[in-house]
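Structure first, then comments.
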Amino acid sequence: MTHAPYVLRDLHAATMDDAGAPYGLIEDAAIAVAEGKVAWVGARDALPQSYAQWAVRSLDGRVVTPGLIDCHTHIVHGGDRAAEFEMRLNGASYTEIARAGGGIVATVAATRAASDDTLLRAALRRVDALIAEGVTTIEVKSGYGLDQDTELRMLRVARRIAGVRPVRVRTSFLGAHATPPDYAGRDDAYIDTVCIPALRAGHAAGLIDAVDGFCESIAFDPDQIARVFDVAGSLGLRVKLHAEQLSNLGGATLAARYGALSADHVEYLDAAGVAALAAAGTVAVLLPGAFYTLRETQMPPVAALRRHAVPIALATDINPGSSPLNSLLLAMNMGCTLFRLTPEEALRGVTVNAARALGLDAVGRIAPGHHADLAIWDISRPAELSYRIGFNPLHARLFGGVA
Ligand code: DI6
Ligand code: FE
């Protein structure tokens, strides 16, 4: 696709607009693109005369959606955890695996030992797989450094991704992911003398778009997360939180109190937490890859989230331990099959609601003024995107209007 203005026609546009038809679907539509943005979208026979002289490209009746958004990834990390996966399936307990140096600690050691280029090369293979599925925006967390130097290196590597691939990157500081071995038993000291100074340094370097944390019995309690969020607020940074993944410590309610962009996982979210998210306008990000990998049985309260109109997003949670899931299309299928989302909720969850979970308002829909980040699919209806398992129907991907 050239940079000159053009009109796409002979297509069905799933605009994800809230009003009107499911998916905001416009049958037999046209989309005018200029300077990387959507100039107009609507029924082909309503195309304004002012676009009549623009170059035209027919999409032969294909379905066009907004470029997909993966709003929760740990895509930058060193090494892998295939060995512990094998140990587990050969009957080893989590304790035996931890004693053998497995778990987050293993990834922290591998990440600290890896060069920036090694981290970038490994991340790009995972990014390319998402791009091949029509993903145009990804969120990338730190959280496997757990010392200032490595946390900032992870964020720099994340930023470099956007310099070498046609993709938008948003970074989240996740220093409050786990307590590193050198601070074993000293969680508060780690939060106060490593995590928070690293947050300040990362912000000063312009490396952080949002601040995240892991509120869980195996990670940090609400008071420790609150100390990190207080500093985030003082720096003008929005927050998000891994909350209620394995138990209920009231993480979602804490996140809502800070006006969080999102609360993520939320399998153990209770009625009070749902109400708090609804009141704060916080997005519930469901992560079926971790639910599936850990063989979790507690379902996130989807019906309650719907009743309270809490926006629901979906993401891969790509990470080497609990969610080595590198397909957003498969995450959509899992969201429907495991969590009973409708196909429209699943597509909304990786477009407009995922954008909201990242605090972005010019992606996630096909609308005038939005980036022309578009995915063109060889499908006859949007539901096919979450229906098929392990099949990628992408025909073409436009990033800022360019193929
Ligand atoms: N929740 C998780 O499931 C992962 N991190 C988090 O906050 C676990 C990450 C890992 O196992 O490496
Ligand atoms: Fe995560």
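Worth a mention:
- Test: residue in segment 81-90 that is assigned to a helix (DSSP H, G or I), among the basic types (K, R) and away from ligand 2 (no atom under 16 Å from the Cβ): yes
- Criterion violated by A19 - all others in (1) at pLDDT 95 or above; (2) outside any helix (DSSP H, G or I); (3) among the small types (G, A, S); (4) out of contact with any strand residue (DSSP E or B) (no Cβ under 7 Å at 6 or more places or on another chain) satisfied: (1)
- Of the candidates V302, V266, the single residue that is over 16 Å from I69 (Cβ atoms), hydrophobic (A, V, I, L, M, F, W, C) and within 16 Å of ligand 2 (Cβ to nearest atom) is V266.
- Test: R125 is more than 16 Å from ligand 2 (Cβ to nearest atom) and open to solvent by 60 Å² or more (accessible area, probe 1.4 Å): yes
- Checked against (1) out of contact with any helix residue (DSSP H, G or I) (no Cβ under 6 Å at 6 or more places or on another chain); (2) under 21 Å from H203 (Cα atoms); (3) more than 16 Å from ligand 1 (Cβ to nearest atom), H177 passes all but condition (3).
- Meets criteria (open to solvent by 20 Å² or more (accessible area, probe 1.4 Å), among the hydrophobic types (A, V, I, L, M, F, W, C) and more than 25 Å from T253 (Cα to Cα)) for L294: no
- Scanning segment 164-220 for residues that are more than 24 Å from the chain's Cα centre (by Cα) and either surrounded by 18 or more Cβ atoms within 10 Å (Cβ to Cβ) or not in a helix (DSSP H, G or I) (or both) yields P180, Y183, A184, G185, R186, Y190, I191, V194.
- Search result, residues across segment 47-75 that are farther than 22 Å from S327 by Cα and assigned to a loop (DSSP other than H, G, I, E, B): L47, P48, A52, Q53, W54
- Only a single item in (1) closer than 23 Å to T342 by Cβ; (2) within 16 Å of ligand 1 (Cβ to nearest atom); (3) open to solvent by 10 Å² or more (accessible area, probe 1.4 Å) is not met by E244, and it is number (3).
- Selected residue (only one of A256, A309, A272, A278 is open to solvent by 20 Å² or more (accessible area, probe 1.4 Å), more than 15 Å from ligand 2 (Cβ to nearest atom), more than 26 Å from S386 (Cβ to Cβ) and more than 17 Å from the chain's Cα centre (by Cα)): A272
- Options T150, T107: the member that is away from ligand 2 (no atom under 16 Å from the Cβ), under 23 Å from Y190 (Cα atoms) and among the hydroxyl-bearing types (S, T, Y): T150
- Among the residues of this structure, P300 does not count as one that is out of contact with any Gly (no Cβ under 7 Å at 6 or more places or on another chain) and surrounded by fewer than 24 Cβ atoms within 10 Å (Cβ to Cβ).
- Residue within segment 232-239 that is surrounded by fewer than 22 Cβ atoms within 10 Å (Cβ to Cβ) and within 16 Å of the chain's Cα centre (by Cα) present: yes
- Subset of segment 117-144 [under 21 Å from L174 (Cβ atoms) and either within 16 Å of ligand 1 (Cβ to nearest atom) or in a loop (DSSP other than H, G, I, E, B) (or both)]: L119, A122, A123, R126, E139, V140, K141, S142, G143, Y144
- The residue list R340, R397 contains one member that is at pLDDT 95 or above and surrounded by fewer than 18 Cβ atoms within 10 Å (Cβ to Cβ), which is R340.
- Within the option set G321, G349, being crowded, with 24+ Cβ neighbours inside 10 Å, among the small types (G, A, S) and in contact with a helix residue (DSSP H, G or I) (Cβ under 8 Å, 6 or more places away or on another chain) holds for one residue only, G349.
- Residue within segment 222-230 that is out of contact with any strand residue (DSSP E or B) (no Cβ under 9 Å at 6 or more places or on another chain) and small (G, A, S) present: yes
- Taking the listed residues Q245, Q224, the one that is modelled with pLDDT of 95 or more, within 22 Å of A276 (Cβ to Cβ), within 14 Å of ligand 2 (Cβ to nearest atom) and polar (S, T, N, Q) is Q245, with no other qualifying.
The values are calculated or read from the model by the stated rules, or taken from the named source; none is laboratory data. These numbers were taken from a predicted model, which means no experiment stands behind them. No Cβ is skipped: glycine too gets one built from the backbone with ideal geometry, and neighbour counts run over all protein chains shown. Side chains are part of the model used for accessible areas, which takes the heavy atoms of the whole protein and leaves out ligands, DNA and RNA. Shrake-Rupley method; radii C 1.70, N 1.55, O 1.52, S 1.80 Å.
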